[in-house]
Amino acid sequence: MNSEATMHSITNLLAEYAGLLDEDRLEEWLGLFAEEATYQVIPRENVARNLPASIILCTNKKMIRDRTVSLREANLYNLHYDRHFVSAIRVNVDGDGVYSVRANYAVYQTTIEGSSKLFSVGAYHDRVKMVGDRLLFIQKQVIVDTSSIPTLLATPL
Amino acid sequence: MSEQSGLIPNHPGMPGVRWPRNDYSRVPYQLYHDPDVYRLEQERIFKGPTWSYVGLEVEIPNPGDFITTFIGETPIILSRGEDNSVYAVVNRCGHRGSIVRRENYGNAKEHICIYHRWCFALDGKLMGVPFERGLKGKGGMDKDFDKSEHGLRKLRVESFSGVLFATFSDATESLADYLGPVFQGHFTRLFAKPVRVLGYQRQRIYGNWKFYMENQRDTYHGSLLHEFQAVFGLSRVTQEGGNKMDVHHRHNLTWARSKTDDDKEFAELYKENKVHEEQLKLEDPEIIKNKREFEDGITLAICGIFPNATVHQISNSLAVRQLRMTGPGEFELYWTLFGYVDDSEEMTNHRLLQANMVGPAGLISMEDGEAIELAHKATGSDQDAYSVIEMGGHGAIPDFIDHRVNDTPCRGFWAYYSQLMGCEPEGAVR
Ligand code: FES
Ligand SMILES: [Fe+2]
């Protein structure tokens with residue numbers, strides 16, 4: 001891929017990620033991860049203090065799938081809609097078809113009564129890779145500035 | 001029931017509370033919403049004869065190390081002095097009342113307020129006031145200004161097994177007595193080895209703090225509200241377990257042992273009670289595996305220490321949850337996740353994985369935030385109405401319970417709360 005095409009497909013991947021979450025299509029969202037993919041939500045203050053504990057940590061795709069199954073079948077959480085806003089991306093070529101991607105995100109939540117508020121702001125530190133003809137996440141790291149999570153965190157950031 | 005030190009009954013500022021019963025099995029919603037009650041709680045509970053959790057010794061290992069923390073809504077600086085002793089002082093400048101220490105943590109020789117640079121020693125003493133003598137004989141503080149009267153308010157601090165508590169009151173009994181034998185025993189078990197902080201989680205809940213205190217003492221909600229446990233076959237009410245309380249019933253330990261019940265019996269019981277029938281399997285069950293590390297085989301221990309802390313062991317996830325308040329309808333839970341210094345890398349990774357089960361996104365805890373907000377939202381409009389606390393029966397509160405189908409420790413919480421607040425019902429049954 002030339003660099004413009006690369007930027008374009010990475011931007012598309014992040015847009016797809018956001019869109020599928022906002023449309024509550026968790027099972028399709030799962031399809032954006034490679035088998036070895038990790039998904040982590042970690043408070044910025046832990047990163048700053050070099051402390052390893054996360055808010056969510058999935059070390060492989062099976063665990064990400066277990067989260068989505070649990071959200072569907074077991075967990076009870078605030079009834080709401082999400083809107084993800086993802087900033088322009090910064091990309092680094094790591095080689096072997098792997099790219100490091102950084103972007104800022106904001107997620108607004110809207111209650112079923114129709115009031116909206118900013119739920120979370122932070123940064124994505126991702127790694128993506130070409131698998132066959134598809135670009136997939138091998139790492140999704142969400143660094144949460146809003147580390148004092150309002151109410152609870154159920155639907156993925 | 002022994003006489004409590006520092007207890008002032010029937011505090012005059014306390015609004016009248018209409019208890020429908022005298023055994024705390026009915027709690028008027030007023031107590032969660034009345035702003036006067038909230039103000040009085042800060043005085044009589046958080047600044048009263050209680051020990052509040054403020055941090056772990058390991059968070060301030062070296063002289064000059066400090067963290068900022070809270071007791072109720074009061075900001076606190078916790079510092080380690082040159083002589084290794086620990087100081088807790090109110091984080092409010094003796095000059096005009098500003099927050100002195102703004103950072104969450106650090107290392108310093110003194111605490112200096114940015115506003116007019118008043119300088120305080122780690123133990124709170126006011127050391128320096130810039131321009132105290134004015135300039136060239138003009139201005140400055142009056143000659144009779146006594147620096148010794150304007151330091152940061154110093155609290156009593158005590159440590160038990162490396163866990164730090166502070167109290168505003170001279171009347172509070174020793175920390176060991178405050179904990180009592182059951183909770184001394186539990187702390188000794190959990191903090192037998194040096195601990196290592198793995199990280200922090202925070203959760204901001206828009207509800208009254210006492211809904212959370214009840215939640216922590218409500219033994220039976222776990223297997224109903226936190227369906228993850230039942231759906232994936234973890235903790236369930238059919239397991240061996242129960243509660244232990246101190247003589248005042250202010251603290252509670254909810255405990256259970258996994259694998260002490262029968263899968264079939266469990267499934268049938270839940271079916272009968274119309275809970276849910278489906279059992280699912282995790283594709284990667286690693287996160288629910290318990291690596292046995294305590295000789296007693298206990299896999300769940302939720303230990304609520306009155307008034308502001310819960311220490312949990314959920315399988316191999318260990319944490320202290322501290323309550324930090326910002327008003328009658330809002331508080332933050334501050335979770336300090338820890339392991340042991342001598343944990344293998346594998347054990348550390350396992351604890352980090354099991355952090356998935358706890359905290360604001362915890363697979364078996366996220367629901368609590370929602371449950372508390374639901375209760376808070378609906379109860380404000382009818383403060384004479386009341387909640388029902390009767391699972392496990394009513395009447396006198398026992399110190400020990402040998403089953404998990406109860407919320408009796410909630411009544412224990414209210415019994416002690418009411419003594420401190422001076423709002424006991426007539427002929428109170430504790
Ligand atoms: S308010 Fe702190 S020095 Fe003036
Ligand atoms: Fe709970």
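The values are calculated or read from the model by the stated rules, or taken from the named source; none is laboratory data. None of these values were measured; they are calculated from a predicted model. Positions of Cβ are generated from backbone atoms using ideal geometry, with glycine treated the same way; all protein chains shown enter the neighbour counts.
What is the number of the single condition among (1) surrounded by 16 or more Cβ atoms within 10 Å (Cβ to Cβ); (2) at positive phi that B:TYR200 does not meet?
(2)
Give the residues of the range A:30-44 that are within 12 Å of another protein chain (Cβ to nearest Cβ) and over 13 Å from A:GLN141 (Cα atoms), sorted by residue number.
Of everything in the range A:30-44, those that are within 12 Å of another protein chain (Cβ to nearest Cβ) and over 13 Å from A:GLN141 (Cα atoms) turn out to be A:LEU30, A:GLU35.
Among (1) out of contact with any Lys or Arg (no Cβ under 7 Å at 6 or more places or on another chain); (2) in the same structural domain as B:ILE71 (by TED's automatic domain parsing); (3) assigned to a loop (DSSP other than H, G, I, E, B), which single condition is B:GLY140 missing?
Result: B:GLY140 fails condition (1) only.
For the structure I just gave you, tell me whether B:ILE76 is touching a residue at least 12 places away in the same chain (Cβ under 8 Å), in a strand (DSSP E or B) and buried (at least 18 other Cβ atoms within 10 Å of the Cβ).
yes
From the list A:VAL47, A:VAL121, exactly one residue is touching a strand residue (DSSP E or B) at 6+ places or on another chain (Cβ under 7 Å) and more than 11 Å from chain B (Cβ to nearest Cβ). Which is it?
The conditions single out A:VAL121.
Restricting the search to the range B:122-142, which residues are away from ligand 1 (no atom under 14 Å from the Cβ) and either touching a residue at least 24 places away in the same chain (Cβ under 8 Å) or touching a helix residue (DSSP H, G or I) at 6+ places or on another chain (Cβ under 8 Å) (or both)?
Matches in the range B:122-142: B:LEU122, B:ASP123, B:LYS125.
Would you pick out the residues in the range B:278-292 that are among the charged types (D, E, K, R) and either touching a residue at least 24 places away in the same chain (Cβ under 8 Å) or not in a loop (DSSP other than H, G, I, E, B) (or both)?
Selection gives B:GLU278, B:LYS281, B:GLU286, B:LYS289, B:LYS291.
Limited to the range B:79-106, what total is found for residues that are within 16 Å of ligand 1 (Cβ to nearest atom) and buried (at least 17 other Cβ atoms within 10 Å of the Cβ)?
8
Within the range B:111-121, work out how many residues are surrounded by 14 or more Cβ atoms within 10 Å (Cβ to Cβ) and within 14 Å of ligand 1 (Cβ to nearest atom).
6
Anything in the range B:212-224 that is crowded, with 21+ Cβ neighbours inside 10 Å and within 14 Å of another protein chain (Cβ to nearest Cβ)? List them, or say none.
Of everything in the range B:212-224, those that are crowded, with 21+ Cβ neighbours inside 10 Å and within 14 Å of another protein chain (Cβ to nearest Cβ) turn out to be B:TYR212, B:ASN215, B:GLY222, B:SER223.
Please go through the range B:53-80 and give me each residue that is among the acidic types (Asp, Glu) and within 15 Å of B:PHE165 (Cβ to Cβ), ordered by number.
B:GLU57, B:GLU59
Quick one: is B:PRO63 outside any loop (DSSP other than H, G, I, E, B) and either modelled with pLDDT of 95 or more or over 25 Å from B:VAL247 (Cα atoms) (or both)?
Taking the combined requirement at face value, the residue does not satisfy it.
For every residue, the table says whether it meets (1) farther than 11 Å from B:ILE372 by Cβ; (2) not in a strand (DSSP E or B).
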{"position": "B:GLY207", "(1), (2)": "no, yes"}
{"position": "B:ASN215", "(1), (2)": "no, yes"}
{"position": "B:TYR220", "(1), (2)": "yes, yes"}
{"position": "B:SER223", "(1), (2)": "yes, yes"}
{"position": "B:PHE228", "(1), (2)": "yes, yes"}
{"position": "B:GLY233", "(1), (2)": "yes, yes"}
{"position": "B:ASN243", "(1), (2)": "yes, no"}
{"position": "B:VAL247", "(1), (2)": "yes, yes"}
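Is it true that B:GLN184 is away from ligand 1 (no atom under 16 Å from the Cβ) and either touching a helix residue (DSSP H, G or I) at 6+ places or on another chain (Cβ under 8 Å) or not assigned by TED's automatic domain parsing to the domain that holds B:LYS244 (or both)?
So B:GLN184 fits the description; yes.
Filtering the range B:193-232 down to residues that are aromatic (Phe, Trp, Tyr) and modelled with pLDDT under 95, which residue is farthest from B:TYR32 (Cα to Cα)?
Of everything passing the filter in the range B:193-232, B:PHE232 is farthest from B:TYR32 (Cα to Cα).
Mind telling me which of the residues B:THR326, B:THR336 ends up being within 11 Å of chain A (Cβ to nearest Cβ), in a strand (DSSP E or B), buried (at least 20 other Cβ atoms within 10 Å of the Cβ) and of a type in the set (Val, Ile, Thr)?
The match here is B:THR336.
Could you identify the single residue in B:GLN229, B:GLN239 that is away from ligand 2 (no atom under 12 Å from the Cβ) and more than 8 Å from every other protein chain (Cβ to nearest Cβ)?
Exactly one of B:GLN229, B:GLN239 is away from ligand 2 (no atom under 12 Å from the Cβ) and more than 8 Å from every other protein chain (Cβ to nearest Cβ), namely B:GLN239.
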